[in-house]
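Student: Below is one structure. I have some questions about it.
The values are calculated or read from the model by the stated rules, or taken from the named source; none is laboratory data. Everything numeric in this text was worked out from a predicted model, so none of it was measured. Glycine gets a Cβ as well: all are built from the backbone with ideal geometry, and neighbour counts include every protein chain shown. Accessible surface areas use protein heavy atoms only, side chains included; no ligands, DNA or RNA. Shrake-Rupley method; radii C 1.70, N 1.55, O 1.52, S 1.80 Å.
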Amino acid sequence: MMQKQHLESEHLETERALEILQKANDDDAVYKTAGSILVKSTKVTLVSELQEKKELANTRLMVLTKQETRIKENLKEAETKIREMLRGSNTPPGQQKTDTPK
């Protein structure tokens, strides 16, 4: 879930950067971060990089969402099995649990 939250915030940040970059003129000076420094780049290059980053984040979010769903389903199945086992162990000794009504 933490990975998912991190990706969601990264996705929003990338969208905001793309919006701002789209408003800039093609001949405006633009920079990107490379570690702790800024490197001059072109608007076209940065738009392309940000769109690729956004697509990658979307793909990773979908994968994490599917994994989360699968894990929740597995947990529900395990919980159901445990409850059934606990119900089965609650029958008094000497009495057998039967599935057929008397």
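Student: Just a yes or no: is a residue in region 31-38 among the charged types (D, E, K, R) and open to solvent by less than 100 Å² (accessible area, probe 1.4 Å)?
Tutor: Yes, the conditions are met somewhere in region 31-38.
Student: Is there any pair linking a residue in region 27-41 that is closer than 18 Å to residue 14 by Cβ and among the polar types (S, T, N, Q) to one that is at pLDDT 90 or above and part of a strand (DSSP E or B), with Cβ under 6 Å and at least six apart or on different chains, and which?
Tutor: 41/30; 41/32
Student: Assess whether residue 65 counts as being surrounded by 10 or more Cβ atoms within 10 Å (Cβ to Cβ), farther than 20 Å from residue 5 by Cα and modelled with pLDDT under 95.
Tutor: So residue 65 does not fit the description; no.
Student: Mind telling me which of the residues 49, 13, 55, 19 ends up being open to solvent by less than 80 Å² (accessible area, probe 1.4 Å) and either assigned to a helix (DSSP H, G or I) or hydroxyl-bearing (Ser, Thr, Tyr) (or both)?
Tutor: 49 is the lone residue from the list that is open to solvent by less than 80 Å² (accessible area, probe 1.4 Å) and either assigned to a helix (DSSP H, G or I) or hydroxyl-bearing (Ser, Thr, Tyr) (or both).
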